[in-house]
Each structure stands twice: as structure tokens, then as C-alpha cells.
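I have placed the structure first, in the form of C-alpha cells, so that the comments after it can refer back to it.
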Amino acid sequence: MQITIRVIGIGPGDPRQLTLQAIEAMADVDVFLALAKGETKDGLLQARRDILERHAPQGYSMVEVPDPPRDRHPDDYAAEVRRWHAARAELIARTITEHVPDGGIAAFLVWGDPALYDSTLRIVDDLTARGDLDVALEVIAGVTSASALTAAHAIVANRVGEPIHITTGRRLADTPPGADTNQIVMLDADLAFRHTADADDHIWWGAYLGTRDEILISGRVGEVADDIAAARTEARERIGWIMDIYLLRKAR
């Protein structure tokens, strides 16, 4: 079976942040595929529906694929992610076979940009490796949450001539000396900066960027760390899920 898969970056949440290329890429898609992550994250699916209602042709088709369960605290993190991706690929391959015609086009709408801390392209690699689908891959870049964060705070990500390090909360403590001048940190459920940053370091934090639920907090770590933790906890309990990111900058 031959199929084209489009992986379309849709930005961090605001439908106005889609590129013209992304909108054009939606025009002839046969089926949009969305991983359903349960009722508490239905807002993520609804945000995709809102984008499709605004930019996709009338009568578009979206099929929800139940996301397989995942161990969030495995002994072997890399092995668990590989197992989870393989399970996802199996479900997605089955869905494609059932809902997409031979020679048709399926598309994923990816938060932010598909190349930055997103697993969709790896899942497509798994689909291709299976051998039962002949996949042509097209990738459309999207506005990243990192650029949405700096825009929301109206700041530059680095001081003149300084490097920028992009990492995750899980790896923040492993940042090598000299790379910690300006750090953009994603996927940090535990707010690791509270254990790695100095009180005088500066942080710019944002959640639900580009949506009506957007929250922004900035200041010295010693002054705003508790505010960020409290805001994050309250928002997660109220909305049911959270996507946040921050820029951490060493004090001079």
C-alpha cells in the first residue's frame, strides 16, 4: 500500500500561528490522524479540531487513535520509549489501512515544530520499517514553543554573543559547564530549575502559549520559583493537562 504522510507543524496552540505552507498542506489530506490521550487531555484534541475547522476544507476527516499506555517511571527509559513507539506504530498502521485509500494522504498535526522534542517522525520511521506500507514523507515546519515563549515575554533568547542550550527537565542537571548561560528547557514536570539554578538567575516561564489559557511569569529564580510551581499545579488541576517551557539565564 502506497501512502503519503504529512507531518505538519501547527505551532504551540494559536491557530493564527500556522504558516501558509501548513494551511496549504491541509487542503488535499484524506485523513487527519490524532492520538487520543484520554479525557483529561481532550483539550488537546479540541485545539486540533479548532485549527481544522478554521483552516482545513469543509468535510475533512479526523480519526482518533487511542494512545497506548506508557510507564512514566521505567527502569530503562530509552527501552520503554522504543516499546511505546512500536505500539503506537502498530495502531497507526492499522488505522491507516482501514481509513486511508491506496495512494492517499494522511496527516499528523504536531504541536510546535516536528523536529523539536516530538516523536511523530520517529513513529513514521517505525511505520516505514514495518514494510507493509510504502511511505512518502513530507514535513512542514512550525512555530516552536521556544520562539512563542520569547515573543510572549518580548525578549531575546540570549545576550550578545552567548550560546543557547536546548534541553529537557530530565537532563537539566547534566548541562555541561559553559552551556548553561541561556537554557531553553522543555518537558519539565518536576521544575528541575529549583535544584540547579542560583537564586539570582533569571527565568522566563510560560504555559499554554498562544492560547486563551496562557500564563506568563518571569523574574529572579529566588523570587518567582514558588509562584511558578503554584501556577503550574493550579492550572494542571483546573485544565487537566499542561504544556509549559522556560528560558533560564545565568546571572552575570
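The values are calculated or read from the model by the stated rules, or taken from the named source; none is laboratory data. Quantities reported herein were computed from a predicted structural model and do not represent experimental measurements. With ideal geometry, Cβ positions are generated from the backbone for all residues, glycine too; neighbour counts draw on all protein chains shown.
Couple of notes before you dig in:
- Filter result for ASP226 (in contact (Cβ under 8 Å) with a residue 12 or more places away in the chain and out of contact with any strand residue (DSSP E or B) (no Cβ under 8 Å at 6 or more places or on another chain)): no
- If the condition is being within 20 Å of GLY112 (Cα to Cα) and either at pLDDT below 95 or not in a strand (DSSP E or B) (or both), then region 196-231 contributes TYR208, LEU209, GLY210, THR211, ARG212, ASP213, GLU214.
- Yes/no for ARG122 being outside the structural domain of ASP190 (by TED's automatic domain parsing), part of a helix (DSSP H, G or I), within 22 Å of ALA189 (Cβ to Cβ) and touching a residue at least 24 places away in the same chain (Cβ under 8 Å): yes
- Residue satisfying all of: in region 214-228; surrounded by fewer than 15 Cβ atoms within 10 Å (Cβ to Cβ) and of a type in the set (Gly, Ala, Ser); nearest to SER145 (Cα to Cα) among these: GLY219
- Residue list for region 125-136, filter: of a type outside the set (D, E, K, R) and either assigned to a strand (DSSP E or B) or assigned by TED's automatic domain parsing to the domain that holds HIS165 (or both): VAL135, ALA136
- Each residue in region 50-70 was checked for being more than 19 Å from the chain's Cα centre (by Cα) and charged (D, E, K, R), and 2 of them qualify.
- Checking each residue in region 53-106 for being part of a loop (DSSP other than H, G, I, E, B) and among the β-branched types (Val, Ile, Thr) picks out only VAL100.
- ALA22 being surrounded by 16 or more Cβ atoms within 10 Å (Cβ to Cβ), of a type in the set (A, V, I, L, M, F, W, C) and within 30 Å of SER147 (Cβ to Cβ): yes
- Filter pass, ALA106 being assigned by TED's automatic domain parsing to the domain that holds MET26, at pLDDT below 90, surrounded by 16 or more Cβ atoms within 10 Å (Cβ to Cβ) and touching an Asp or Glu at 6+ places or on another chain (Cβ under 8 Å): no
- Number of residues in region 182-200 that are touching a strand residue (DSSP E or B) at 6+ places or on another chain (Cβ under 7 Å), under 20 Å from ARG220 (Cβ atoms) and surrounded by fewer than 18 Cβ atoms within 10 Å (Cβ to Cβ) equals 2.
- Residue match in region 166-178 (condition: at pLDDT 95 or above, assigned to a loop (DSSP other than H, G, I, E, B) and closer than 11 Å to LYS250 by Cβ): yes
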